[in-house]
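Chemist: Provided herewith is a single structure, encoded as structure tokens, for subsequent inquiry.
Derivation of every value follows stated rules applied to the coordinates shown; laboratory data play no part. Since the structure is predicted, the reported quantities are computational estimates derived from the model, not experimental observations. Ideal geometry is used to build each Cβ from the backbone, glycine not excepted, and the neighbour counts take in all protein chains shown.
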Amino acid sequence: MNVATTGSFGPVKLAAGVTTRHVLCYLFAALISIGMFTYLMSLTPYVLKVNLGIPEDQHGRVIGNLQFWQEIVVMVSIGWWGALSDRIGRRNTYILAWLVMAAAYGIYAFATSIEGLFALRTVFALGVAATTTNLSALLADYPLDQSRGKFTGMAFFLNGLGAAAFFGGLSQLPSVYQAQGADELWAGRYAYLTVAAIAFVAAIVMTGLKPGRPEEATDQEARPPLLELARKGLAAASNKRIGLSYIAAFAARADMAIVTLFMILWVVQAGSAAGMTAAQAQGRAGIYVAVYSLAALVCAPVIGFVADKIDRLALTIGAFAMAALGYAWLGVSTDVLSFGGMIPALVLAGFGQSSVAMAITVLLAQQCPPDIRGSVFGVQSFFGAVGILAISWGGGQLFDLVAPGAPFIAVAVANAIVLCCGLALRTQERS
């Protein structure tokens with residue numbers, strides 16, 4: 001395709017120079033990204049129990065502290081990754097990101113101490129920071145604005161499909177490898193190595209992305225310093241809708257993390273108390289996360305279509321209302337092993353999670369200047385990292401010291417606060 005021309009991918013109108021190959025490579029990343037971001041965390045209770053022999057009454061705080069440390073590293077590095085993608089191009093940065101992710105998965109299950117887990121979580125955090133920033137920036141780069149909602153819906157549908165595959169299928173890997181004769185320790189290690197291989201394949205696929213620097217940033221002689229790009233990303237918050245998207249990212253990323261951080265731990269502990277093996281409890285937890293992810297998958301195309309039809313601030317307000325209700329329902333659940341009691345709450349929370357993530361993505365993409373898009377999405381991801389930081393440490397304390405449902409109530413409150421901020425901004429814009 002000629003660089004000066006535009007094309008389409010199904011109903012999506014593409015930006016100049018973007019081809020079907022570029023889109024397909026991006027959509028592969030969308031398919032596996034959410035699963036990659038969360039699968040390592042989902043097997044952490046397995047690692048703590050089988051690899052390290054840590055008592056279950058300490059798991060909530062250990063997992064929370066691991067996630068807290070991860071988000072410190074993400075916060076420190078994510079703005080740099082976003083600015084780097086503006087400076088040297090998304091393709092180069094994304095290839096590096098997936099190689100880092102592959103390394104993290106390859107070595108994580110071989111830790112023999114808590115200190116080792118913290119050190120290896122640093123590598124994973126760098127991979128998460130890099131892949132998150134590029135995933136969002138390319139979502140804004142590739143479609144024209146009038147098709148951004150549909151393209152976002154397409155990408156988030158694949159996010160949900162991939163996450164469901166990871167948790168509905170790959171969460172069973174320890175059991176599969178045990179059935180093939182591996183002991184519990186090596187079954188977990190083989191599971192991580194399998195996912196490491198998928199990340200390595202992703203790095204190869206990313207070589208098919210659009211080369212060069214982003215739209216409206218093609219002058220190879222004019223490459224602003226990384227700190228200048230990061231500063232511009234922060235300054236963009238003077239646009240109140242961009243500012244709201246930054247605040248909203250705090251709650252939205254906590255929404256994405258809460259189920260893999262504490263729902264899985266809740267189910268694993270309840271399953272253990274009910275006489276399940278570690279692998280059986282992990283499998284039950286995987287089914288729950290798969291249901292949650294499938295709900296997000298089903299919701300994504302609908303929200304994508306709606307996003308191109310209504311004001312994106314209104315979409316954001318509605319999304320956060322749904323999320324607040326869903327996580328509150330999970331928080332007050334009393335029997336975590338009951339399919340009948342948990343499935344409806346997980347479905348509503350999945351709808352909410354998908355909706356808020358899509359809403360703030362299309363809202364920000366519509367508002368931010370193309371030449372600093374990576375930097376702006378890097379700042380948004382920074383605020384998202386702060387959200388995960390808060391729910392990781394605070395949620396771990398709440399889980400162990402208050403009740404397993406308490407972290408979900410905290411996330412519901414965070415979503416309600418964003419809802420109120422959105423309503424206030426809408427009132428201000430109308431006055």
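Chemist: State which entries of 13/210; 210/240; 150/232 exceed 23 angstrom in Cα-Cα distance in the structure shown.
Modeler: On the way: 13/210 16 Å; 210/240 31 Å; 150/232 28 Å.
Correct reply: 210/240; 150/232.
Chemist: Could you give the longest part of the chain that holds none of the GluC sites (Glu not before Pro) found in DSSP loops with at most 16 neighbouring Cβ atoms within 10 Å? Walk me through the intermediate numbers first.
Modeler: Numbers: sites that count: 216, 221.
Longest gap between qualifying sites, sites excluded: 1-215.
Chemist: Once both labels are modelled 7 Å past Cα along the beta-carbon direction, what's the residue 145-residue 185 spacing in nm?
Modeler: Computed distance between label sites residue 145 and residue 185 equals 5.9 nm.
Chemist: Among (1) 31.6, 100; (2) 29.7, 89; (3) 20.5, 68, find the value of Rg and Dmax of the Cα atoms in Å that was calculated from the structure presented, and write down its label.
Modeler: (3)
Chemist: Please list, in chain and number order, the residues 5+ apart from residue 13 or on another chain whose amide H is under 5 Å from its amide H, with Hs placed from the backbone.
Modeler: For residue 13, the qualifying residues are 144, 147.
Chemist: Under 1.5 on a/c is rounded, so check that first for the stretch 334-391, then, if it is not, pick prolate when a/b is larger than b/c and oblate when it is not; a ≥ b ≥ c are the square roots of the alpha carbon gyration tensor eigenvalues. Kindly include the intermediate steps, with their values, before the conclusion.
Modeler: Details: a/c = 5.94, a/b = 2.32, b/c = 2.56.
Judged from the Cα gyration tensor, the stretch 334-391 comes out oblate (a/c at least 1.5, b/c at or above a/b).
Chemist: Separate question: Under a 10 Å cutoff between Cα atoms, tell me which one of 108, 177, 94 has the largest fluctuation in the Gaussian network model of the chain.
Modeler: 177
Chemist: Rounded to the nearest 0.05, what FRET efficiency is calculated for residue 122 and residue 235 with R0 set to 25 Å and r the Cβ-Cβ distance?
Modeler: Numbers: r = 30 Å, r/R0 = 1.18.
With R0 = 25 Å, the Cβ-Cβ based efficiency is 0.25.
Chemist: If packing is taken as the average count of other Cβ atoms within 10 Å, what order do 127-139, 259-271 fall into, highest mean first?
Modeler: On the way: 127-139: 27.5, 259-271: 24.8.
Per-residue mean Cβ counts within 10 Å order the peptides as 127-139, 259-271.
Chemist: Moving to a separate point now. When a/c reaches 1.5 or more, the comparison of a/b and b/c decides; with that in mind, is the stretch 1-110 rounded, prolate or oblate per its Cα gyration tensor? Could the numbers behind the result be given before it?
Modeler: Details: a/c = 3.22, a/b = 2.37, b/c = 1.36.
Verdict is prolate for the stretch 1-110.
Chemist: Quick check: pseudo-label points 7 Å beyond the Cα along Cα→Cβ at residue 397 and residue 337, how many nm apart are they?
Modeler: According to this spin-label approximation, the distance is 3.1 nm.
Chemist: Determine the shape class of the stretch 263-402: with a ≥ b ≥ c the square roots of the Cα gyration tensor eigenvalues, call it rounded for a/c under 1.5, and otherwise prolate if a/b is greater than b/c, oblate otherwise. It would help to have the intermediate numbers written out before the result.
Modeler: On the way: a/c = 2.48, a/b = 1.77, b/c = 1.40.
The shape class here is prolate.
Chemist: Continuing with the same structure: Contour minus end-to-end for residue 426 and residue 200, with contour as 0.36 nm per residue of separation and end-to-end as the Cα-Cα distance?
Modeler: On the way: separation 226, 0.36 × 226 = 81.36 nm, distance 4.44 nm.
Extra length available between residue 426 and residue 200 comes to 76.9 nm.
Chemist: Tell me, in nm to one decimal, what length is gained between residue 72 and residue 417 on full extension, where the rule is 0.36 nm per residue of separation less the Cα-Cα distance? Kindly include the intermediate steps, with their values, before the conclusion.
Modeler: On the way: separation 345, 0.36 × 345 = 124.20 nm, distance 2.34 nm.
Extending this stretch completely gives an extra 121.9 nm.
Chemist: Using only helices, what value at 222 nm comes out for the chain when you add -39,500 (n - 2.57) per DSSP H run of length 4 or more and divide by the total residues, to the nearest 500 deg cm²/dmol? Can you show the working numbers first?
Modeler: Details: 15 runs with 322 residues, N = 431.
Calculated at 222 nm, the ellipticity per residue is -26000 deg cm²/dmol.
Chemist: In nm, what is the difference between 0.36 nm times the number of residues separating residue 112 and residue 8 and their Cα-Cα distance? List each step's numbers first, then the result.
Modeler: On the way: separation 104, 0.36 × 104 = 37.44 nm, distance 5.04 nm.
Working it through step by step, the gained length comes to 32.4 nm.
Chemist: Also: In the stretch 56-142, what is the volume of the convex hull around the alpha carbon atoms, normalised per residue and reported in Å³? Working shown, then result.
Modeler: Values: hull volume 8.1 nm³, N = 87.
Normalising the Cα hull of the stretch 56-142 by residue number yields 93 Å³.
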